[in-house]
C-alpha cells in the first residue's frame, strides 16, 4: 500500500508541466572552438528565466529538469550555468574529478558568516582542517552525545499540553540549538537561544540575497538596513562563540577538561602531518559552521517529517507500533522508556521514515561548483568558468530512480533498493571530499528525537496554515509549521 501526502502546489505543478521551448543544438563561436550546448530553456523575453529563478529557484530547476532530463544549459546574464540531473555525472564531478572544481558563488558568499570553516574552505587548507575535525565526528565518538539529545527532547515535550497549538519548526529549532550548544560547547545557552536563532536566520537570509544575481550590489550600499542588520547579527554570533572559546581555554589552563566537541577541537592536532592546534579564529569558523549545520539541518528535517506524518497518519501509527515494540510501556504512564543509542539498530521503520522525509525535503537542497578547466559530460564540453548545479531536491524527485517520486513511501527503502540505487540518486548531506562531516551526528539526533517525541505525541497540521518552501542555505518552511498536539494513550 502506498501513501500520498497532501502536497503544496509545487508538486502538483511538476507532473502537469508542459515542456518548455528549447534549442536542441545551439552552437556559438568561442576563442578556442565551437561549443555545442545541451538543450536549454528559451524565451523571447530577456531575463525571464532569471526572474523566475529569483522568485522560485526550486520550481525553476524542477521545470528545467523535467523538460531536459540529465543535463541542461542556460544563462544568467553572461554566466553559463549547467544543471546536472544524473547521479553518475554527479558522482564524477563530486568524487572522481573534484579537483577540477571550486566552490560556486553561493559558498564563496557564505564565507561572510562561516569564514574558512569546512563548508567554505578550499584545497589544502580544507583538507588539513578536515583531517583535524573528522575524528571528532566518527560514529563511535558521537554516540556519547545520545543522552544529551534525548534529555533535551524530554525536557521540551514535558512542557507540551494535550490540544496545544504550536509552531513545531520553532520547537525543533530550540531543541536542536540546545543539543548542539551542549554537545559542542558544553553549555546551555537558553538565555541566548532566541538571540542566536534570530541572528542565524538574519545572516542566512542576507547570504541568500547575496547569492542571487546582482546580489553583490547590496554590499556596495552599506547604509541599507539589510547590511546593518547582518553586521549586527554576525557581531552577536561572533561574540558568543569567542566568549565560549576563551572560557574553554581558561578551563584548559587550570587543568579542567570539558567532555565536549569544542574541547576536542581545541586539543586536535596531527603532529605526523605537521598540523598544529587551531587558532581562536580557526576555532570560531569551525564552531560557527558546526553551529549552523548542527541545528539547521536536523530541525528542518524533523519539521518536514512531522508534517508528512500528519498527512499520512497510517504511517505514523505504524512507526508508533515499532516504538512500542522496541521501547515497551511503563506501568505508570504507558509511555515506555526513553530511547537510547543502543536502540537505533532496532528502529528500522523509524529510520525509513526519516530517510524518506529527507528525500522529499532534503535539508540541503542544492550544490554548486565552478569548473576550473573545460570538463566533458556525455557528448558536451562544459567550458572553464561555467557554474554546475546539482540539486538534491531535483534529483530526489527524479522519476527515473523513484517510482511515484512525489509520494511519501518509507517502504521504498529496502536493503535491496539501497544496494542497487546509484550512489548520488540520494545525497541529502552532499558527497565526496566536501560531504557533511556531521552526517553521523545528524542521523543519530534525527532518529532519537523522532522516537522520543512520537512515542508520546501525535501531531495534526493546522489546515489553515500555509505550507511553502523557503530555500535559503537550508530548506525551511517559509511560514513555520503550525501543529496541534495530541497525547498518545496506549
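Quick check on segment 342-490: what does the Kirkwood estimate of hydrodynamic radius come out to from the alpha carbon pairs, in Å? Don't jump to the answer; show the numbers that get you there.
Details: mean 1/r = 0.0559 Å⁻¹.
With all distinct Cα pairs of segment 342-490 included, I get 17.9 Å.
Packing, taken as the mean count of other beta carbons within 10 Å per residue, orders the peptides 318-326, 305-313, 355-363 from highest to lowest as 355-363, 305-313, 318-326. Applying 1/(1 + (r/R0)^6) with R0 = 60 Å to the Cβ-Cβ distance of residue 239 and residue 489 gives a FRET efficiency near 0.80.
Straightening the chain between residue 479 and residue 112 buys 129.5 nm, computed as 0.36 nm per residue apart minus the Cα-Cα spacing. The spread of Cα positions in segment 383-423, taken along each principal axis and listed from longest to shortest, comes to 42, 21, 13 Å. Each listed q (0.13, 0.17, 0.19 Å⁻¹) maps to a log10 I(q)/I(0) for segment 107-180, found by the Debye formula over equal Cα scatterers with no solvent: -0.64, -0.85, -0.91. Packing here is the average count of other Cβ atoms within 10 Å per residue, and on that basis the peptides 286-294, 217-225, 63-71, 156-164, highest first, run 286-294, 63-71, 156-164, 217-225.
So if I average 1/r over every pair of distinct C-alpha atoms in segment 43-165 and take the inverse, what Kirkwood radius in Å does that give? The partial results should precede the final answer.
Working: mean 1/r = 0.0522 Å⁻¹.
So the Kirkwood estimate lands at 19.1 Å.
How many percent of all Cα-Cα pairs in segment 371-452 sit more than 20 Å apart? Distances greater than 20 Å cover 54 percent of the Cα pairs.
Using the Cβ-Cβ distance between residue 96 and residue 417 with R0 set to 30 Å, the FRET efficiency works out to roughly 0.80. When each of the peptides 113-124, 51-62 is scored by how many other beta carbons lie within 10 Å of its residues on average, the order from highest to lowest is 113-124, 51-62.
What FRET efficiency do you get for residue 155 and residue 209 if R0 is 45 Å and r is their Cβ-Cβ distance, rounded to the nearest 0.05? Calculated value: 0.80.
With both labels modelled 7 Å from their Cα along Cα-to-Cβ, the residue 125 to residue 314 distance reads 5.4 nm.
Taken together, the values in this text are just the output of simple stated rules run on the coordinates, not laboratory data. Keep in mind that what you see is a predicted model, and the values were worked out from it rather than measured. A quick note on method: Cβ atoms are made from the backbone with ideal geometry, for glycine too, and the neighbour counts reach across all protein chains shown.
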